[in-house]
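To keep things clear, I will list the structure first and then write my remarks on it.
The values are calculated or read from the model by the stated rules, or taken from the named source; none is laboratory data. From a predicted model like this one, the values you see are computed outputs, not experimental measurements. Every residue, glycine as well, gets a Cβ built from its backbone with ideal geometry; the counts of neighbours run over all protein chains shown. Only protein heavy atoms, including side chains, enter the accessible area calculation; ligands, DNA and RNA are left aside. Shrake-Rupley method; radii C 1.70, N 1.55, O 1.52, S 1.80 Å.
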Amino acid sequence: MIVIGGSASSKLAQDLAAEMNATYIPAGVKRFPDGECYLRLGAESLDDEVVIVQNSYPDQNLVELLLLQDAAIGLGAKKITNVVPYFGYARQDTRFNKGEPWSARVMVDHIQLNADKVILVDIHNIDIMDWFDEADVTNIYAAPAIGRYFRDAAIDLVLAPDEGALKRAGLVAETLGCEWDYLIKTRLSGTQVHMSPKNIDAKNKKVLIVDDIISTGGTIAAATEELKRLGARSVYAACTHGLFIGGGLDRLRKNCDKIVSANTLENEVSVVSVAPEIAKAI
Ligand code: R5P
């Protein structure tokens with residue numbers, strides 16, 4: 001088996017290749033003077049099963065992913081599995097207003113075009129899986145990896161920032177053998193959210209908040225503030241996809257005692273590897 005690491009996901013691709021004892025090939029990406037993507041795979045032929053690991057975010061990485069598929073086909077790949085650790089546009093999963101595109105669906109159609117199998121990680125809306133009709137699709141969860149990471153941290157309570165994220169919090173809590181619950185989130189704007197206290201006993205507890213995405217950090221900041229107000233001893237936060245837009249990480253560090261993310265997006269705190277989970281799915 002051969003693992004190709006796109007430029008957005010090269011570290012995870014190398015972890016995955018090591019995990020599976022596979023040959024690693026970097027994407028060999030350069031940019032033309034006008035910014036277009038040039039790539040060349042450094043292999044004579046790919047007469048084997050090929051795994052391409054590449055985020056479809058931001059936009060230019062989607063183009064690189066499509067070009068990688070074609071380059072692998074050109075070298076004779078027998079089967080193409082696309083690992084898309086962070087699937088861009090997953091939150092635009094319907095036409096919210098008249099005249100808008102169905103963005104997540106457009107992404108599915110393009111990604112599956114030249115793939116036999118697609119592996120996603122903690123896809124924001126699980127319904128997206130049903131839209132793959134040309135390729136097999138699997139969604140893997142980062143929760144077991146997050147649980148492993150916090151195994152010795154003596155966490156008392158795992159919280160989801162909203163009810164929709166409760167299942168994820170439950171999976172982490174089960175690994176840790178502690179209780180779990182959720183907060184009530186109201187979004188006020190793109191960067192501001194309000195957290196309602198609900199009936200949570202956080203006093204003197206070490207709390208871990210788990211979400212799929214940290215984008216601006218507004219959700220986790222509001223949750224941390226609320227939990228500290230309720231007397232939490234310390235508040236940790238973990239997410240699968242750490243975007244940390246516009247200084248989000250620095251903002252969170254002011255209040256939150258520890259922040260980690262899985263390695264679907266490479267950032268300063270992407271210390272939780274989902275490579276073992278992806279290897280199992282392959
Ligand atoms: C929302 O549905 C997601 O699960 C995250 O809670 C959200 O994307 C976090 O965004 P932010 O960090 O900007 O509050």
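When region 159-201 is examined, which residues are found to be at pLDDT 90 or above and within 19 Å of L252 (Cα to Cα)?
Passing the criteria: L159, A160, P161, D162, L183.
Looking at R151, R105, R168 in this structure, which one is out of contact with any Pro (no Cβ under 9 Å at 6 or more places or on another chain) and either within 16 Å of the ligand (Cβ to nearest atom) or of a type in the set (F, W, Y) (or both)? Let's see the steps before the verdict.
On the way: R151 fails: either within 16 Å of the ligand (Cβ to nearest atom) or of a type in the set (F, W, Y) (or both); R105 fails: either within 16 Å of the ligand (Cβ to nearest atom) or of a type in the set (F, W, Y) (or both).
Of R151, R105, R168, the one residue that is out of contact with any Pro (no Cβ under 9 Å at 6 or more places or on another chain) and either within 16 Å of the ligand (Cβ to nearest atom) or of a type in the set (F, W, Y) (or both) is R168.
Just checking: which of the strands (runs of 3 or more DSSP E) contained wholly in region 179-255 hold 3 or more residues that are among the hydrophobic types (A, V, I, L, M, F, W, C)? Reasoning before the result, please.
Working: elements: 179-182, 184-187, 193-196, 206-214, 234-242.
In region 179-255, 206-214, 234-242 are the strands (runs of 3 or more DSSP E) which contain 3 or more residues that are among the hydrophobic types (A, V, I, L, M, F, W, C).
Against the definition (open to solvent by less than 20 Å² (accessible area, probe 1.4 Å), more than 13 Å from the chain's Cα centre (by Cα) and more than 21 Å from V260 (Cβ to Cβ)), how does Q112 come out, yes or no?
yes
Please list, ordered by residue number, the strands (runs of 3 or more DSSP E) wholly in region 1-93 having 2 or more residues that are more than 27 Å from I213 (Cα to Cα) and open to solvent by 40 Å² or more (accessible area, probe 1.4 Å).
Details: elements: 2-5, 23-26, 29-31, 37-39, 49-53, 79-84.
By residue number, 23-26, 29-31.
With respect to V207, determine if the residue is farther than 28 Å from S9 by Cα, modelled with pLDDT of 95 or more, away from the ligand (no atom under 15 Å from the Cβ) and touching a helix residue (DSSP H, G or I) at 6+ places or on another chain (Cβ under 9 Å). Give the derivation first.
Details: farther than 28 Å from S9 by Cα: yes; modelled with pLDDT of 95 or more: yes; away from the ligand (no atom under 15 Å from the Cβ): yes; touching a helix residue (DSSP H, G or I) at 6+ places or on another chain (Cβ under 9 Å): yes.
Yes, satisfied.
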